Amino acid sequence: MVLGMIDKYVVQPVYNFFDEVGRIVLFAMEAITLLFRPPLFWREILTESHHVATTCIIPVVCTVAPIGCILAIQALNILRPLGVEKLMSSMVVIIMVRELSPAMTSIMIAAQAGTSMAAELGTMRVKEEIEAQDVMAVNPIQYLVIPRFIALFIMCPILTVIAFFVGMAGSYVISVYVEGVNKGAFLTGLWTYLEMYDVGGAIFKSCVFGLVVAVISCYKGFYVTGGAAGVGRAANDAVVICITTFLILNYFLTSILWITM
Amino acid sequence: MGFLDQIAKQFRGEYAYTPELVLKEMREKGIKIRVRGLTKSFGGLTVLKDLDLDVYDGETLCMLGESASGKTVFLKSLAGIEHPDSGEIYIDEHDVMNAPPRQLYEMRLGLSMQFQQGALFESVSALENVQWPLVMHATVSPQEAEDRAAKDLVSVGLTPDMHWKLPSLLSGGMQKRVALCRAIVERKALILFDEPNAGLDPIKCAAIDNLLLRIKKQFKATLIMNTSELFTAYNLSDRIGIIYRGKIVEIGEPGSIKSSKHPYVDEFTRKSKEFLPQILAYQEELASWEGEKVDDGRRDSEHLGKTTGGF
Amino acid sequence: MASKEEFRKYETGEPIVTVRNLSKSFGSLRVLKDLNCDIKAGETTVFLGPSGTGKSVFIKHIVGLLKPDEGELEVMGRNVPTLGERELYELRKHLGLAFQLGALFDSLNVYDNVSFPLSHHTRMRQKEIKSRVAEVLELVGLPGTENKLTTELSTGQQKRVGLARALALNPTIVLFDEPTTGLDPILCTTIDELILKLKTELGKTFIVISHDIEGTWNMADQVGVLYQGTLLRYGRNADVRRDDNIFLKQFFGRTEDGPMIGV
């Protein structure tokens with residue numbers, strides 16, 4: 001009885017978790033091996049990149065700009081009484097570049113592009129389109145999955161850089177025009193602590209996040225079972241797993257890249 | 001475990017070929033596909049049980065059977081997209097059961113398949129669907145691919161104004177035709193049809209049958225066809241295989257199936273026996289029919305599909 | 001007020017649905033052209049015809065989902081096109097509908113599917129509902145499947161569950177949309193026999209639309225053949241079967257040669 005309960009509520013979930021993780025890793029490995037085997041479908045890569053860029057840009061801008069504003073207000077709340085207003089922009093830019101723009105961009109990409117990929121691939125699986133491609137001697141991983149991998153791998157950093165500029169613009173507008181911070185102080189403060197290393201780190205992070213979104217949502221979509229309900233579940237799972245994964249991963253990446261010993 | 005095996009196979013990638021003795025025997029007897037002891041179960045449900053079959057080169061074989069009798073799984077196993085638990089499948093020199101994915105793709109260059117639900121790509125037009133395999137394999141120029149696809153679509157009865165419609169805007173019968181067209185456009189030596197006319201009304205059914213008959217006569221390809229329509233099987237096939245509970249219980253020419261003593265086969269064909277004379281008489285009478293078709297153009301009206309498509 | 005009167009019991013052979021000069025157009029297309037027929041109580045009436053000829057549209061008129069442009073339609077003494085929403089719902093409680101693909105709720109089990117109309121349209125107690133569900137499942141030959149999910153069932157079983165749901169409210173008229181389309185001959189026969197059995201045991205009126213010709217000969221009392229909105233022939237089973245009309249001959253002979261279009 002007790003053993004049965006342990007089996008059902010502890011052993012099985014843990015087993016299932018590692019089973020799933022293993023499958024995801026194998027799926028990613030298979031895709032990456034196939035990446036270096038011709039043919040590469042250029043047209044698909046372009047359409048997918050275009051799709052990701054056009055659908056994600058507005059959500060990214062709409063989330064990152066307000067966050068820039070908020071950061072400016074809260075930073076000023078602390079720094080103004082201390083009389084170090086000019087440090088405000090240095091602080092905001094560090095948080096924005098190192099953390100918030102990669103994280104927020106990837107969350108929006110997971111929510112927008114990730115779910116749509118999972119749902120799209122899932123529908124294709126349910127309608128046997130993937131099998132049909134298989135029978136027509138076109139590897140569906142090469143035709144469907146790899147273009148999506150590449151699209152996310154390229155678009156994620158680009159959108160992150162855009163998000164960084166938008167976020168800083170947001171905080172500039174609030175601090176200079178609303179809070180009355182000196183324009184010159186804000187602009188010089190930007191370069192006090194920021195280094196190229198930070199920008200590189202942010203781009204590296206966002207590449208990793210892009211791959212995480214690609215692997216998880218494509219995996220979830222590609223192996224859908226259970227009809228229309230299964231497609232819905234896959235899209236839902238994809239976004240939740242993506243966001244949890246890279247918020248956890250974010251901690252580890254940050255500690256590797258920026259921890260001060 | 002199966003999943004890991006598959007991945008391992010992918011990385012190892014050793015090609016698996018039909019044993020030479022078997023291949024020699026197959027060549028001598030003109031056998032294209034040999035299936036032995038094929039078994040597949042999903043969960044506790046056994047779908048295919050020890051199925052043996054030889055398919056001869058250039059013949060048309062109809063597989064008849066109930067829904068859920070394992071016909072589709074059998075066809076998918078031949079194409080290598082379903083992985084049976086045990087058994088042997090040899091298609092020419094390829095050992096399908098043990099072939100790594102790379103070899104399967106090579107083997108599939110020699111066959112094509114029409115899926116039960118059509119499996120048309122929803123996001124592109126009918127014409128693009130049909131030319132897809134030609135474009136992907138890049139055996140011909142894109143322009144020629146389009147021409148060939150358009151020509152085939154016209155030959156199955158889709159007028160050029162329908163070529164650029166999305167599959168979802170076409171009626172059920174039209175979708176079947178597009179799917180059929182995609183299966184034949186490359187003129188493969190082995191074509192698998194999964195229920196080419198299921199769920200269509202008798203007239204549409206007859207139209208598809210005539211189409212298949214034409215394909216059979218023109219192509220000289222090996223056709224394997226799943227169907228639950230007796231008349232299709234009688235009209236088209238060189239041999240009929242009756243599949244029951246994952247096994248082939250009877251296989252032979254249409255005539256021998258009609259007079260079979262096997263209880264299941266008898267039950268299967270009984271319904272039609274009574275009415276067959278009348279049907280044949282009417283068919284004969286109308287064969288020489290000449291006149292105008294009565295058509296009020298409702299197939300062109302798209303809104304009708306939405307208002308009459310079931311409830 | 002005609003609709004206030006009680007729904008009376010109909011004797012076998014009495015016309016329960018009368019259709020007079022029914023016409024319906026969608027845009028410029030006349031989908032139903034001047035339909036006339038009497039459907040008799042206690043009999044099975046099958047409407048045959050190629051797909052896209054207006055069979056479904058016709059059935060939708062009977063249950064009041066569509067209103068005709070012209071003509072009259074009386075179901076159980078009520079003039080359907082003139083009924084208000086409330087009266088229409090009253091009438092529909094006496095009509096059981098079984099859909100083409102079952103139209104079962106995927107996420108619910110068989111019990112919830114079959115009890116759906118009962119818990120929505122009656123004040124039956126949980127216990128009574130339970131026994132009624134068991135009863136109708138027994139009728140369609142699926143006893144004891146209450147707790148199965150509909151996705152676990154085969155196509156034939158799903159059709160039976162759809163029929164059970166249609167029967168749950170004990171309707172006077174059962175309408176069945178393409179019960180055998182896409183099924184193999186053996187399953188077709190079992191469904192046909194089921195309809196035949198229910199008709200004789202329960203004395204219900206069945207209106208079936210179908211394009212399964214052999215099944216029709218086996219189960220129908222009356223047969224109507226529709227082509228492009230016109231009712232070509234309406235009459236007793238045996239008469240229709242031997243009719244000389246060229247359209248009918250083509251349809252029954254399953255051939256492309258003839259005036260009906262096959263596209």
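Computed from the coordinates by the stated procedures, all read-outs in this text should not be read as laboratory data. Keep in mind that this is a model prediction, so the values were computed, not measured. So basically every Cβ, Gly included, is an ideal-geometry build from the backbone, and we count neighbours across all protein chains shown.
Points to keep in mind about this one:
- Sorted from longest to shortest, the spans of the Cα atoms of region B:121-175 along the three principal axes equal 31, 22, 15 Å.
- Descending semi-axes in Å of chain C, equivalent ellipsoid built from Cα gyration tensor: 30, 23, 17
- Virtual spin-label span in nm between B:Asp50 and B:Ser86, 7 Å along Cα→Cβ: 1.1 nm
- Using the average count of surrounding beta-carbon atoms within 10 Å as a protection proxy, the listed peptides A:174-180, B:15-21 rank, highest first, as A:174-180, B:15-21.
- Take each residue of peptide C:176-187, count the partner chain Cβ atoms within 10 Å of its Cβ, and average: the result is 5.
- Global form of region C:1-91, assessed from the alpha-carbon gyration tensor, a/c cut-off 1.5: oblate
- For the protein assembly as shown, pairs of C-alpha atoms spaced more than 41 angstrom apart make up 47 percent of the total.
- Beta bridges per DSSP with both ends in chain B, % antiparallel, nearest 5: 50 percent
- Selected from C:Ser23, C:Ser56, C:Ser107 as most flexible by GNM, with chain C as the system and alpha-carbon contacts under 10 Å: C:Ser107
- Sorting B:230-240, C:131-141 by average packing, meaning the other beta carbons within 10 Å per residue, from highest down gives B:230-240, C:131-141.
- Whole-Hz ³J(HN,Hα) from phi, Karplus 6.51 cos²θ - 1.76 cosθ + 1.60, for region C:19-26, glycine and proline x: 10, 10, 6, 6, 9, 8, 10, 10
- The Cα atoms of region A:191-261 define a convex hull whose projected area, averaged across directions, is 5.7 nm².
- Region A:28-97 and region C:188-222 have Cα centres spaced 64 Å apart.
- Panel order for A:Trp191, B:Trp289, by other beta carbons found within 10 Å of each beta carbon, from fewest to most: A:Trp191, B:Trp289.
- Within 10 Å of each Cβ in B:116-123, the average number of Cβ atoms from other chains: 5
- For the residue pairs C:Lys9/C:Lys93; B:Lys204/C:Lys197; B:Lys271/C:Lys197, alpha carbon separations beyond 21 Å are given by B:Lys204/C:Lys197.
- DSSP-defined antiparallel bridges as percent of all bridges, the protein assembly as shown, nearest 5: 55 percent
- Whole-Å semi-axes of region B:230-278's equivalent ellipsoid (Cα gyration tensor): 17, 13, 9
- Stretch gain in nm, segment B:Tyr15-B:Ser155, where the contour uses 0.36 nm per residue and the Cα spacing is subtracted: 46.5 nm
- Measure of compaction for chain B (Cα Rg per 2.2 N^0.38 Å): 1.06
- Rounded, prolate or oblate (a/c below 1.5 giving rounded, otherwise prolate when a/b exceeds b/c) for region A:95-213 by Cα gyration tensor: prolate
- Estimated at 0.36 nm per residue, the fully extended path between A:Phe18 and A:Phe165 surpasses their Cα-Cα distance by 49.0 nm.
- Burial ordering of A:Ile73, A:Ile248, fewest other beta-carbon atoms within 10 Å first: A:Ile248, A:Ile73
- Average Cα contact separation per residue, chain C, under 8 Å, 6 or more apart, as relative contact order %: 24 percent
- Summary value for chain A: 31 percent relative contact order, contacts being C-alpha pairs under 8 angstrom separated by 6+ residues.
- Summarising the strand pairing of chain C, around 55 percent of its internal DSSP beta bridges are antiparallel.
- Alpha-carbon Rg/Rh ratio, for region B:69-156, with Rh computed the Kirkwood way: 1.03
- Gaussian network model of chain B, Cα within-10 Å springs - most flexible of B:Ser155, B:Ser288, B:Ser77: B:Ser288
- Taking the centroid of alpha carbons for each part, region A:193-253 and region C:74-116 are 46 Å apart.
- Only alpha carbons enter this Debye calculation for region C:104-170, each as an equal point scatterer, and the log10 of I(q)/I(0) it gives at q = 0.23 Å⁻¹ is -0.90.
- Inter-probe distance in nm under a simple model that places probes 7 Å from Cα toward Cβ, at B:Ala68 and A:Lys8: 2.7 nm
- By definition, a body whose alpha carbon gyration tensor gives a ≥ b ≥ c is prolate when a/c is 1.5 or more and a/b is larger than b/c, and region A:39-258 fits this prolate description.
- Span-like helix check, chain A: qualifying full DSSP H segments, with Cα axial length of 20 Å or more and mean Kyte-Doolittle of -0.5 or more, are A:12-35, A:42-82, A:146-172, A:196-222, A:227-258.
- Listed residues B:Thr18, B:Gly43, B:Leu78: farthest to the positive end of the dipole of chain B (Cβ charges): B:Gly43
- Among A:Pro66, A:Pro38, A:Pro157, the largest mean-square fluctuation in a Gaussian network model of chain A, built with springs joining Cα atoms closer than 10 Å, belongs to A:Pro38.
- Counting Cβ atoms of other protein chains within 10 Å of each residue's Cβ and taking the mean over peptide A:164-177 gives 0.
- Between B:Ser123 and C:Asn147, the modelled labels are 4.4 nm apart [label points 7 Å from Cα along Cα→Cβ].
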